[in-house]
Structures are given as structure tokens and as C-alpha cells.
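Data block below; observations after.
Readers should treat all values here as calculations from the given coordinates under stated rules, not as data from a laboratory. All values reported here derive from a predicted model rather than from experimental measurement. Methodologically, a virtual Cβ is constructed for each residue, glycine included, from the backbone with ideal geometry; neighbour enumeration extends over all protein chains shown.
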Amino acid sequence: MDRQVLILACVFVALAAVLGLRSVRHGARGWGTTVSMLGAFLCQLYVLGERGRMHGQCPLHDVGEVALFIAWSQTMFYLITGPAFRTSLLGLFSTPVILITQIIALWPGNLEQTVTKELSVDYWREVHLGFSVMAYGAFALAAVAGVMALVLRQKLKKGLSGNLVGTMSSVTNLDTSLHRLNIVGWVIFTVGIIGGVMMKVEGGLAHLIVAVIIWSLYGLLIFRKIWKGLPPKVMAWSTIILFVAALWIFAAV
Amino acid sequence: MEVVCLGLNHKSAPVEVREKFAVGESKLGEAGKGLTELVGLSEGVVLSTCNRTEFYAVGETDGVAERIKSHLRETHGLSEDDDAHFYLKSQSEVATHLCRVVSGMDSMVLGETEIAGQVKRSYEAAHREKATKGVLNRMFQKAFSVAKRVRSHTGIQRGQVSVGSVAVDLAEKIFGKLRDSHVMIIGAGEMSRVTAQSLLSRGAKSIFVTNRSYDKALSLAEDMNGQAVRFDDWEEVLSTVDIVVSSTGAPHAVVTRDQVEKVRAKRKYRPLFFIDIAVPRDIDPEVAEIDEVYVYGLDMLSRLAEEGHQQRTKEVEACELIITEELQKLVIPGLTK
């Protein structure tokens, strides 16, 4: 059942991409992408809820669940920030990342079919895992906003018009969304880090050290932006690189 | 029954003739009612904008246009020379013409949207005076719904077609809403004034004017409810403004890369938009290489305006199709082709 619902979520995300592309082609904004993403979100929520119930813990036990959790978190932040801040086309630009993440979750072997119920729960560990992965959803969306800002800035600098430029949000709006998503992600990540420090440590401390380094780098970026400002290209690239590096390092650890 | 539209517009008449027949907005209802008081006329709407004046009327018998002209001879001094500038649409042509007018297809700026509001106000004024009945009510209501469909189903209003509006659109693409934006004009020329005025009309917060002649800067600043800045001091203002409109007659660049680099950190790297409408250019091309700075010169703005015009022109055929299709559904008893 999980796999079928997850496939349905993929269909919703693909539909959101198609509707987003259509709105670019017609040069008009529409609600189709947001509604489709809401459909995907509900499917992701269902699968995560079911697996969480079966585990008796936060559903972050295998690669598939981690990927799905990130996809869910990213979709959630899109639904919160995209329409509210009128960040037009954020949905369209997010869909490839969400779709890839969901395909990773669906990939044979990544989502364990037999789930065993855990008897004991370390709540700090749950906080650490849940909040940290949720923060990655916000960071992923910030990276998407960064890509959008780079694309728009380059097009505007070259004096290029067209439907993509016409439909996208303003440069300032994208920069603000990127900054706010970084802040939201960082605050959530802070809670995750606190959970990590408090939880019972099994194995090495490597992943916690990496998490603290990433947390510090995001913090540096955010506070530098607040106090002194940052050239927009530096801000966008830093956000993208930090997100990709963080994912890669965590995968390695 | 005869339905006519007698009118003149920017294509058929020069401004001296157009202004002779213009009717103030407060008098549109009265003017519509005036038409219904003519012998044999039962309905009337007068539309008057800076680019057109049109008289829509319905009569029970033929000769409606002649009766309106005779009325205009008495009230506006219509001469034979003026008469040559008038066009006449009759019966179903009136509905087609009205749809084209409301959709902005007959406007000086193809696809502009202001005309729809102007027609609506003219119609409502006549309606309040009870100067409209079955025929014009249906015709105008239909025209409004057709225009809505034309705008939502075609790209007739997409893009901008004048240098000023392209610049303002770009400013919105960079800053979003302009309500927090501060504008500086360098050089007190007419084109700067017009562009800055457009920015203010879209909500720009404040305006600074600088010019080599401080008196000119003061006068323009006063006109625009802004603040004059001495030419030696404009660099200080650069750290606070978001949009700079420059059109001096200087033979060399007025704004250089070094000057902008100096204020970047102070501005916290906020976007800065230069609209350079001077020839030769006022903004050193190297300024555009700075990350958060956008420089648009006259050539680039003109090209975008031309692209916008071409884009809208391409949509005309689709608009005409919608009008034909929609008017086929309009049935007004007694209205012939």
C-alpha cells in the first residue's frame, strides 16, 4: 500500500510540474501547481504516518524513509511559503528535486517492506532525527529559491524578456524567501542539534560533529546577511553549495 | 431600428479636433441623456477619453447619425472640416467596434486596459441618467464580458510597449511592489520626469532630483513633491535609493563603477536599478558588471518595448476570433448585419 500511495505522490508532483510549465507557457499564474502539491503532501503524510505507526517511532529507519521525510518537509515548506509570499514558480522549480527524492525513496531496496515495532523510544533521538531532516526540507527549498534567483538575475541582466521572466517572482521576493527559508531551516536544525546533544549516543560522534559544522555554517551565512548583507550571487551560491555539501557529507557519514 | 456609433479617435482626427468634441467625465451621463432627447432617439451613451469621443445611439427610424451631427453643430460647432474626421459604424458593426474598443484593440497603445474602465464609467453614467435601455445595455454588457475573455485568453495585454512602462515593469520585476522604493533622477529632462512619474504612480516612496543647475532640480523636485539634491552630493544619496533614472546631456559617463562600488556595503548589497535614457550614456557600462546592479539603457528598453508590441500584434487575430465568436451569440431583435 505504501508504495502505491508513494507512486500517487509522484504522479501529483509530476502533474504539478506540468501545470507549472503550462503556466509559464501561457505567461499566467495559476493555482494548479499548489493544489497538486497539496495532493502530493497528503500522500507523503499518509505513508510517513503509517510507517511511523508501524515503527512506533519517527519513520527515519532507512534511506527510503529519510528521502520521503525530506520530500515531505520540502513540500510542506513550499505550501507554507510559496503561495503566502507569492513566490511564483517556486513549486515548478521544486518539483524535480521532490520527484527525485521520492524516486530515491521508491527505489527497490530503499524502503524496507518489513517494519518491526521498536519497544523503547529515546525521545531526544526522535527530536534530533525528526527536526534535523525537517530542516533539510527548508534548506532544500532555499537552494531551489537560490537557483531561481540566479536564473532570473542572469536573464534580467541580459535584458531577456519572455514568459519565464514574466511569470517568476521579483528578485527581491526570491532573495527574501531564500533568506527566510534558511532562517526557518536553521531554527529547526537548532532544535535537532539540541536533541542530538541530549540523546544517548550509539556508535561514534561523527555525524553529530558534521551536523554542528553545517549548523555553524548556515548560522554564519544567516547572521552575515542580517548584519552586513551579502552580494546576492554569493548568497544564492552559498545556499546551494551548503545544501548539496550537507547532503553529500551526511550520506558519506 | 437603427444603431450607430459616430466618433473620432487618434487615428481619424488630430488633437485639436478631438479636444473640440471632448466631454468631461462629470458630464458624460448628461451628454448621453442629451442624445435621447433628440427626435426619434431612444438610447444614448457618450464615451470621451483623451484619444476618442464616440456617440452611441439607438433610433426607431433611420437618420440617427444625421440627427447627432446636427446636435453637434449646435453644441460643439461641428464644421464640414471636422465632419471629415468622424467615422460612422452602424448596426452590427457597432457591437464589433465596441468590443474592439473595450478590449484595447482600437487604442493608441495596443491592448491597454485603462479604456475598459473608461467605457464602463461612460456607460454607467448614461445608465444612471436612464439613457440606456434594452439595446445598448445588452451591447455594452456583452462588450465587457468579451473584453474580459479577450484579456484572459490571449496575450493582448502581455509585455509593455513603451519605454517608460517597460522600465517601470522591470523595476517591479526587481523590487516587487515599489512602495518601499526610493528614486533618484539625475538630470532634469522631460523623459526622466515622465519615467519617474510612472514609478511614483506605481507607489514609489520618495524621489530625489539632482541636476547641474540646482534651480532646475529644485523646480522639478517641487513639481514631483520630491527633494532636490546638489549635483556634488548625489553620491551620498546613492546609498539610500533603489532606482536611478538618468538623462543628463553630459558627453561622458556620470556614474562610474567606482562610485557604485563605494556604496555597496553601505547598501547591504540591495539591488540597484539604473534606467539610463541619456545619449551618450550616463552610466558606465562597467557598472552593470556589479552583481546586484541592473543597468538598462535606451536601446535595451526600446528593444523590449518593440518585442512587447510585436507580441501583442501577434495576438490580434486571436482576439478578433473571440469577438466574432462571442458576437454570434448576441441576439438583439431588430439589429441587422
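Assorted remarks:
- Links that overshoot a 24 Å alpha carbon limit, given the list B:K177/B:K314; B:K216/B:K268; B:K89/B:K133; B:K20/B:K216; B:K11/B:K177: B:K177/B:K314; B:K216/B:K268; B:K20/B:K216; B:K11/B:K177
- In chain B, the longest principal axis of the Cα atoms and the axis of helix B:92-102 are about 20 degrees apart.
- Placing R0 at 30 angstrom, the Cβ-Cβ distance between B:R73 and B:V15 gives a FRET efficiency of 0.90 after rounding to 0.05.
- Compared with the dominant principal axis of the Cα atoms in chain A, helix A:2-26 is inclined by about 10°.
- The separation of the range B:1-39 from the range A:36-99, counted between C-alpha centres, amounts to 61 Å.
- Across the options A:L90, A:T75, A:L45, the greatest Cα extent toward the positive end of the charge dipole of the range A:1-112 (unit charges at beta carbon of Lys, Arg, Asp, Glu) belongs to A:L90.
- Principal axes of the range B:215-264: Cα extent on each, largest first, Å: 31, 26, 18
- Where labels lie 7 Å past Cα in the beta-carbon direction, separation of B:E190 and B:F231 in nm: 2.2
- With all pairs of separate Cα atoms included, the range B:190-337 yields a Kirkwood hydrodynamic radius of 18.2 Å.
- Taking all Cα pairs closer than 8 Å and separated by 6 or more residues, the relative contact order of chain A comes to 21 percent.
- Farthest towards the positive end of the charge dipole of chain B, among the residues B:L78, B:H10, B:G176, is the Cα of B:G176, using unit charges on the Cβ of Lys, Arg, Asp and Glu.
- Computed on the protein assembly as shown, the Cα convex hull volume stands at 185 Å³ per residue.
- Relative to the Cα centre, the charge distribution of chain A, modelled as +1 at Lys and Arg Cβ and -1 at Asp and Glu Cβ, gives a dipole magnitude of about 1280 debye.
- In order along the range B:202-219, the phi-based Karplus estimate (6.51 cos²θ - 1.76 cosθ + 1.60, θ = phi - 60°) of 3J(HN,Hα) comes to 8, x, 3, 6, 8, 9, 10, 10, 10, 7, 4, 8, 5, 4, 5, 4, 4, 5 Hz; Gly and Pro are listed as x.
- Hz values of 3J(HN,Hα) by residue in the range A:173-178 - Karplus curve (6.51, -1.76, 1.60), Gly and Pro given as x: 5, 5, 4, 5, 4, 4
- Surface/4 of the Cα convex hull for the range B:156-266, nm²: 7.4
- In order through the range B:141-153: 3J(HN,Hα) via Karplus (6.51 cos²θ - 1.76 cosθ + 1.60), integer Hz, x for Gly, Pro: 4, 5, 4, 5, 6, 5, 4, 4, 5, 4, 5, 7, 9
- Lys/Arg +1, Asp/Glu -1 at C-beta; the range B:23-155 dipole; positive extreme among B:S107, B:M139, B:L28: B:M139
- Whole-number percent relative contact order across chain B, with pairs defined as alpha carbons under 8 Å at least 6 apart: 17
- Counted by neighbouring Cβ atoms within 10 Å, the residues B:H153, A:H61 run from fewest to most as B:H153, A:H61.
- Semi-axis lengths (Å, descending) of the ellipsoid that matches the C-alpha gyration tensor of chain A: 31, 24, 13
- Spatially proximal aspartates and glutamates relative to B:K148 (Cα-Cα < 12 Å; intrachain offsets below 8 disregarded): B:E326
- Reported value for chain B: 151 Å³ per residue, from the convex hull of its C-alpha atoms.
- Look at A:H55, B:H76 and count the other Cβ atoms within 10 Å of each Cβ; fewest to most, that gives B:H76, A:H55.
- D_trans [Stokes-Einstein, Kirkwood Rh over alpha-carbon pairs] for the range B:63-129, 25 °C, 0.890 mPa s, µm² s⁻¹: 177
- Total lysine pairs whose alpha carbons fall under 19 Å of each other in the range A:94-253 (8 or more apart, or interchain): 4
- Label-point separation in nm, B:K148 to B:A318, each point 7 Å along Cα→Cβ: 2.0
- Between helix A:206-227 and chain A there is an angle of about 30 degrees, using the helix long axis and the longest principal axis of the Cα atoms.
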